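Have a look at the structure below, then the notes.
Every number in this text was worked out from the coordinates using simple rules, so none of it is lab data. In this text the structure is predicted, and so the values were computed from the model without any measurement. Here the Cβ is made from the backbone with ideal geometry for all residues, glycine too, and neighbour counts use every protein chain on show.
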Amino acid sequence: MNLQKIAFITGVTGQDGSYLAEFLLKKGYHVHGLVRRTSTFNRGRIEHLRNKNPPGKNTFELHYGDLLDFQSIDSLITHIRPNEIYNLAAQSHVAVSFDTSEYTSQVNALGPLRVLQAIVANGLSETCRFYQASTSEMFGKVLETPQTETTPFSPRSPYAISKVSAYWTTINYREAFNVFACNGIMFNHESPRRGENFVTRKITLSLAKILAGQQEKIFLGNLDARRDWGFAKDYVEAMWLSLQQPQPDDFIFSTGQQYSVRDFVREAFSLCGFDIVWRGSGTDEVGFDKNTNRVLVEVNPSFFRLTEVDTLLGDSSKAQNILNWHPKTTFKELVNLMVESDLKEAGLDPRKFLKPC
Ligand code: NAP
Ligand code: F7E
């Protein structure tokens, strides 16, 4: 009898999917990933995991499909018969969701519904566990701080609204169809693999390009937004732990520490010897290097959101107590590893640019 566990990851080409695939392969899983057809290459984050084994012995397999296409999901689940499904696929950019609200809902709200329907339709309710990538964005205009599993939702974007729907769909399939279905309510988590148009990566990549002489300055939106930022690699372990419990449940995953976009800029730039201070206010505010007077940060209102989430701070006590999950990477370590990686990305030697701590 084959006792190797089989996992199916949607969103495997994304930041979290790539770290989760690595994590599960190291645990000895056979990992199947869902990829959608794109006209340009989008497998950079998982390329290193491919083709390690001879044909027929590959423990990492990719399959074409799309969360918008029930038939593709259903037939893959029939074929793979996974023990665990991690639904990480999403239109994950909050700002973009205002421009593509119906599409965002189709992927993020109806996508997980399609996966859960396929689990039930294939008779796998008893044998296949389901993880849903829920988000702190559901707390939106926060009704209490810090946010816990009992804090009411107050979503402020089409993205957040779509994820609230998926959150309740997951609970409904647990209660109505007895599926082992869990929500991981994750606060922001970042890494060198973070998409380039999320604020942390935008800052570290821009910093590296400024140092490489490829960019003059960085344009940002709301500098005062506050987030609870962790490291993606720590968070994929939490996804797995959620599905290893005797009972399905929902958990907050966060660091319990909060910083502003402004703090992130200062921390990243200070690692490379800049001392960023702020002058002016509103859209006229600039960040300049105190040592040289050079303006390195400007505000561009096109990055403001129609409705902003000003502050998020999570309390992950439940996950710490029940799952024994603890975030391992501090804010400073996270910024450091992202800056180091982007210096390399820009063709620079980090040893020449990173100030010793
Ligand atoms: P990401 O880097 O944007 O990755 C999203 C993944 O979803 C990509 O693999 C993308 O494929 C895939 N995808 C998008 N639309 C799809 C569709 N219609 N069918 C199939 N696949 C599709 O996101 P992430 O940061 O890894 O986040 C993973 C999940 O956690 C997302 O659901 C996100 O909403 C949620 N989340 C993230 C955070 C965070 O801070 N990172 C926090 C809370 C929750 P392509 O490569 O083809 O685009
Ligand atoms: O914005 C502000 C922006 O786009 C963070 C996704 O993974 O985490 C992520 O959503 C903050 C916001 O992430 C720029 O207004 C300022 O207040 O990096 P972000 P997000 O919106 O928090 C949650 C948990 C998810 O679930 C999502 O999938 O930074 N900000 N200036 C900016 N943001 C961007 N993107 N670009 C700027 O220039």
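Can you run phi through the Karplus equation (6.51, -1.76, 1.60; θ = phi - 60°) for region 316-329 and list ³J(HN,Hα) in whole Hz, with x for Gly and Pro?
For region 316-329, the Karplus-derived couplings read 9, 4, 4, 5, 5, 6, 8, 9, 6, 9, 9, x, 9, 9 Hz, x marking Gly and Pro.
Please work out how much length the chain gains when fully extended from residue 121 to residue 328, using 0.36 nm per residue of separation minus the C-alpha to C-alpha distance, in nm with one decimal.
Stretched out fully, the residue 121 to residue 328 stretch lengthens by 70.6 nm.
On the first, second and third principal axes, largest extent first, how far apart are the outermost C-alpha atoms of region 302-357 in Å?
43, 38, 18
Calculate the dipole size of the chain relative to its Cα centre from +1 charges on Lys and Arg beta carbons and -1 charges on Asp and Glu beta carbons; express the result in debye to the nearest 20.
Around 960 debye, computed over the chain.
Region 281-319 to region 160-179: how many Å between their Cα centroids?
Spelled out, the Cα-based centre of one part sits 33 Å from the other.
Relative to the present Cα-Cα distance, how much length would full extension add between residue 270 and residue 285 at 0.36 nm per residue of separation?
Gain on stretching residue 270 to residue 285: 3.5 nm.
Let a ≥ b ≥ c be the square roots of the eigenvalues of the Cα gyration tensor of region 204-331; is it rounded (a/c under 1.5), or, if not, prolate (a/b larger than b/c) or oblate?
Judged from the Cα gyration tensor, region 204-331 comes out prolate (a/c at least 1.5, a/b above b/c).
Compute the Rg/Rh shape ratio of the chain: radius of gyration over Kirkwood radius, all on alpha-carbon atoms.
Rounded to two decimals, Rg/Rh equals 0.98.
At a Förster radius of 25 Å, what calculated FRET efficiency corresponds to the Cβ-Cβ distance of residue 50 and residue 4, to the nearest 0.05?
It comes to 0.85.
Which of the pairs 163/217; 202/355; 163/209 have their Cα atoms more than 24 Å apart in this structure?
Working: 163/217 34 Å; 202/355 21 Å; 163/209 34 Å.
Flagged as over cut-off: 163/217; 163/209.
Modelling each spin label as a point 7 Å along the Cα-to-Cβ direction, I'd like the residue 294/residue 175 distance in nm, to one decimal.
5.8 nm
Give me the percent relative contact order of the chain, please, defined on Cα pairs under 8 angstrom at least 6 residues apart.
Worked out over the chain, it gives 16 percent.
Under 5 Å between amide H atoms, partner at least 5 residues away or on a different chain: which partners does residue 129 have, H built in plane at 1.01 Å?
84, 85
Antiparallel DSSP bridges in the chain: what percent, to the nearest 5?
20 percent
If you build a Gaussian network model of the chain, linking Cα atoms that sit under 10 Å apart, which residue out of 173, 259, 64 swings the most?
Checking each option, the largest mean-square fluctuation is seen for 64.
If each of residue 216 and residue 143 carries a label point 7 Å out from its Cα toward its Cβ, how far apart are those two points in nm?
Going by the 7 Å Cα→Cβ label model, 4.7 nm.
With springs only between Cα atoms under 10 Å apart, run a GNM on the chain and tell me which of 292, 145, 104 wobbles the most.
The residue with the greatest mean-square fluctuation here is 292.
5 Å is the cut-off here: which amide hydrogens, built 1.01 Å from N in the peptide plane, fall below it relative to residue 147, excluding neighbours closer than 5 in sequence?
Under 5 Å from the amide H of residue 147: 313, 314, 315.
Take the chain, connect every pair of alpha-carbon atoms lying under 10 Å apart with a spring to form a Gaussian network, then pick out the residue of 158, 82, 246 with the largest mean-square fluctuation.
Maximum fluctuation in the GNM of the chain, among the listed residues, is at 246.
By a straight-distance test (C-alpha under 12 Å), which aspartates and glutamates pair with residue 27 as possible cross-link partners, with residues fewer than eight away in the same chain excluded?
Partners found: 237.
Taking θ = phi - 60°, what integer Hz values does the Karplus form 6.51 cos²θ - 1.76 cosθ + 1.60 yield along region 216-231, in sequence order, with x for Gly and Pro?
Those phi angles translate into 7, 7, 10, 9, 10, x, 6, 6, 9, 4, 10, 9, 9, 9, x, 9 Hz.
Around residue 230, which amide H atoms from residues at least 5 apart in sequence, or from another chain, sit under 5 Å from its own amide H, with H modelled in the peptide plane?
Hits under the 5 Å cutoff: 189, 190.
In region 205-269, if every C-alpha pair distance is counted and binned at 10 Å from zero, what percent goes to each bin?
Percent of Cα pairs in each bin: 17, 32, 27, 16, 7, 1.
How would you order 294-304, 127-137, 329-339 from highest to lowest mean count of nearby Cβ atoms within 10 Å?
Descending packing order for the listed peptides: 127-137, 329-339, 294-304.
Enumerate the calculated ³J(HN,Hα) couplings along region 94-107 in order (Karplus 6.51 cos²θ - 1.76 cosθ + 1.60, θ = phi - 60°), each rounded to whole Hz, writing x wherever the residue is Gly or Pro.
4, 4, 5, 5, 5, 8, 9, 5, 5, 4, 4, 5, 4, 6
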